[in-house]
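The values are calculated or read from the model by the stated rules, or taken from the named source; none is laboratory data. Only a predicted model underlies this, so the values are computations on that prediction, with no experimental measurement involved. Neighbour counts are summed over all protein chains in view; Cβ atoms, including those assigned to glycine, are modelled from backbone coordinates with ideal geometry. We work out accessible area using only protein heavy atoms, side chains counted, and drop any ligands, DNA or RNA first. Shrake-Rupley method; radii C 1.70, N 1.55, O 1.52, S 1.80 Å.
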Amino acid sequence: NSMWKITRDQVNYHTSNYTAIGYTPDPSIAEWPGNGNTADGIAAQLAPYVDANGDQIYNPLDGDYPYFQGDMAVYIIMNDEAGPHTHTGGTAFGIEVHALFYQYASTDPEINNTTFLNTKVFNRRDTNYTDFRFGIFMDTDIGNAMDDYIGSDSIRSLAYGYNGSSTDPGTGG
């Protein structure tokens with residue numbers, strides 16, 4: 001249950017300098033969760049990365065670097081077995097969710113004000129689950145939060161938030 005932030009500029013600097021004498025990777029590159037510790041029961045391959053030498057071991061000093069879309073990204077790994085279920089009292093299923101939130105730095109306001117999300121759901125147990133459902137809570141709060149709406153387009157795999165009025169009244173408007 002952790003998150004990692006990375007920017008395109010950090011990756012570009014790394015790929016241009018990783019062979020330089022005395023180079024130390026930025027923590028965002030060095031701590032990217034490319035591989036898990038299988039001795040601790042964690043999957044061998046976790047967050048996506050470019051494997052420069054093809055050895056399937058994430059090592060920035062070999063030229064490996066995080067793979068992501070956009071100009072800035074946050075990668076999150078959540079596993080329901082990572083801690084007690086104190087709020088729900090439910091049983092852990094061994095489900096792990098990997099989420100990549102990313103944005104582009106663009107002069108196009110629609111792109112510049114959009115956060116994209118890619119998710120992958122992994123079953124980390126030998127149990128076969130049927131009729132599995134996965135949901136995301138979204139609270140957009142665009143200006144005054146009292147007149148916001150959300151919608152979705154399942155064909156294009158997108159959700160969106162929009163303001164319900166042409167002007168936003170009140171202190172949050």
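Over the range 124-166, the alpha carbon radius of gyration divided by the compact-protein estimate 2.2 N^0.38 Å works out to 1.73. Loop sites by DSSP among the chymotrypsin sites (Phe, Trp or Tyr not before Pro) of the chain, restricted to those with at most 14 other Cβ atoms within 10 angstrom, leave 24-128 as the longest stretch without any of them. Here semi-axes √(5λ) of the Cα gyration tensor in Å was computed from the coordinates, and among (i) 33, 18, 16; (ii) 33, 26, 14; (iii) 23, 18, 15 the match is (ii).
Using +1 on the beta carbon of Lys and Arg, -1 on that of Asp and Glu, and nothing else charged, what's the dipole of the range 14-149 about the Cα centre, debye to 20?
For the range 14-149, the charge dipole is close to 340 debye.
Measuring gaps between exposed loop sites in the chain (trypsin sites (Lys or Arg not before Pro); DSSP loop; at most 10 other Cβ atoms within 10 Å), the longest gap, sites not included, is 1-132. Given a 1.4 Å probe and the protein chains as shown, Val74 ends up with an accessible area of around 30 Å².
Each of Ile142, Thr91, Leu46 was placed along the dipole of the chain (beta-carbon charges, centred on the mean Cα), and the one lying farthest toward the positive end is Thr91. For Asp126, Asp55, Asp64, the ranking by accessible surface with the largest value first comes to Asp126, Asp55, Asp64, using a 1.4 Å probe.
Once you reduce the range 143-162 and the range 27-103 to the center of their Cα atoms, the two points are 28 Å from each other. Remark: accessible surface ordering of Leu100, Leu117 (largest first) is Leu117, Leu100, probe radius 1.4 Å. Amide H to amide H distances under 5 Å link Ala43 with no residue, where only residues 5 or more positions off or on other chains count and H is placed in the peptide plane. Among the protein heavy atoms, those of Ile76 account for about 30 Å² of accessible surface (1.4 Å probe, every chain in place).
The portion of the accessible surface of the chain made up by carbon and sulfur, rounded to a whole percent, is 52 (1.4 Å probe; DNA, RNA and ligands excluded).
The residues of the chain expose, per residue, 68 Å² of accessible area to a 1.4 Å probe. What do you get for Rg/Rh of the range 1-69 when both radii come from the Cα atoms and Rh is the Kirkwood radius? Checking Rg against Rh, the ratio lands at 0.96.
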